[in-house]
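Everything on this sheet refers to the single structure shown next.
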Amino acid sequence: MTGGAGFPRGGVAMVVGADGGIGSALTRAIQASGGFDRVLGLSRRSQPSLDLEDERSIEAAARLAASLGDIRLCIVATGVLHSEAMRPEKALREIDPAALAKSFAVNATGPALVMKHVLPMLPREGRSVFAVLSAKVGSIGDNRLGGWYAYRASKAALNQFVRTAAIELARRKPEALCVAIHPGTVDTGLSSPFARSGLAIAGPDTAATAILACLEGLSPGESGGFFDRSGERLPW
């Protein structure tokens, strides 16, 4: 990130999921840029806390951010692929309702609630960017391997939320962007158990730098799009 280039200087930047591998790297990079007056790293363990499964905490965090200045950047860097209670499915017979519900709550519904409360608070004039970290495996057009039902479906739902919200956003704030970003395979706890040998894996700091450069390079006309961290547009 080059000192907040592409954004009006000052204002507030928010990172939701700031305690994760990519989220913490994004928070550090944004802080180091010096382009924003305030950088809020938000998570369930932050003060104030933000829990994607608690809408009241999302609303409170959005109101706090808006009270500190114009929100110029908000990145939702959250996601769940696996846990002690759930693993990515390899076949239809492994689909579990509880795992589906958890995947959609964290990967789709939660980010949609952040959109609900943050997008109306973006400034009416000047550039602002709202971005969610999606995943290429959420692309329906690119799906050739199958499996991973809950994760794929929840990320596809997230992409649809982004696309739909961007249409509404453009009516009131034509300089604002709402986009989905595939961060690539990053060396974090989410992807490390499933990284294939020979696959290009980036460190969190490298991925964060690329993501921010991608966001800086996007124009308002690209709002509602789905992009790789390199800036390449991805199929739905």
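The values are calculated or read from the model by the stated rules, or taken from the named source; none is laboratory data. These numbers were taken from a predicted model, which means no experiment stands behind them. No Cβ is skipped: glycine too gets one built from the backbone with ideal geometry, and neighbour counts run over all protein chains shown. Ligands, DNA and RNA are excluded from the accessible area calculation, which covers all protein heavy atoms including side chains. Shrake-Rupley method; radii C 1.70, N 1.55, O 1.52, S 1.80 Å.
Numbers below:
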quantity: With every protein chain in place, the stretch 8-125: carbon and sulfur % of accessible area (1.4 Å); calculated: 49
quantity: Cα long-axis angle, helix 21-33 against the chain (0 to 90 degrees, to the nearest 10); calculated: 20
quantity: Selection of trypsin sites (Lys or Arg not before Pro), the stretch 101-166, meeting DSSP coil and at most 16 other Cβ within 10 Å; calculated: R124, R144
quantity: Extension gain, D205 back to D228 (0.36 nm per residue minus Cα-Cα distance, nm); calculated: 6.7 nm
quantity: Pairs of Cα atoms farther than 33 Å apart, the chain, %; calculated: 11
quantity: Cα-based helix-to-principal-axis angle, 204-217 vs the chain, degrees rounded to 10; calculated: 60
quantity: Farthest toward positive dipole pole in the stretch 73-217 [+1 Lys/Arg, -1 Asp/Glu at C-beta], among V129, N143, G79; calculated: N143
quantity: Environment charge of D228, counting only residues whose C-beta is closer than 12 Å and scoring Lys/Arg +1, Asp/Glu -1; calculated: +1
quantity: Cα-Cα over 25 Å, subset of K136/K173; K90/K136; K116/K173; calculated: K136/K173
quantity: Rounded tilt (10° steps) of 149-172 against the dominant C-alpha axis of the chain; calculated: 20
quantity: Antiparallel DSSP beta bridges within the chain, as percent of all bridges there, nearest 5; calculated: 10
quantity: Chain lengthening between A32 and W236 when straightened (0.36 nm per residue, less Cα-Cα); calculated: 70.1 nm
quantity: Length-normalised contact order of the chain in % [C-alpha pairs under 8 Å, at least 6 apart]; calculated: 21
quantity: Euclidean distance of C-alpha centroids, the stretch 24-57 and the stretch 93-147, integer Å; calculated: 18
quantity: Per DSSP, loop trypsin sites (Lys or Arg not before Pro) in the stretch 25-84 with at most 11 further Cβ within 10 Å; calculated: R45
quantity: Summed residue charge, Cβ within 12 Å of E89's Cβ, Lys/Arg positive, Asp/Glu negative; calculated: +2
quantity: At R0 = 22 Å, FRET efficiency that the Cβ-Cβ distance of L145 and R44 yields, to 0.05; calculated: 0.10
quantity: Span per principal axis, largest first, for the Cα atoms of the stretch 1-77 (Å); calculated: 34, 27, 16
quantity: Net charge of Cβ neighbours under 10 Å - reference D19; Lys, Arg +1; Asp, Glu -1; calculated: +2
quantity: T78 long-range amide H proximity, modeled H, under 5 Å; calculated: L133
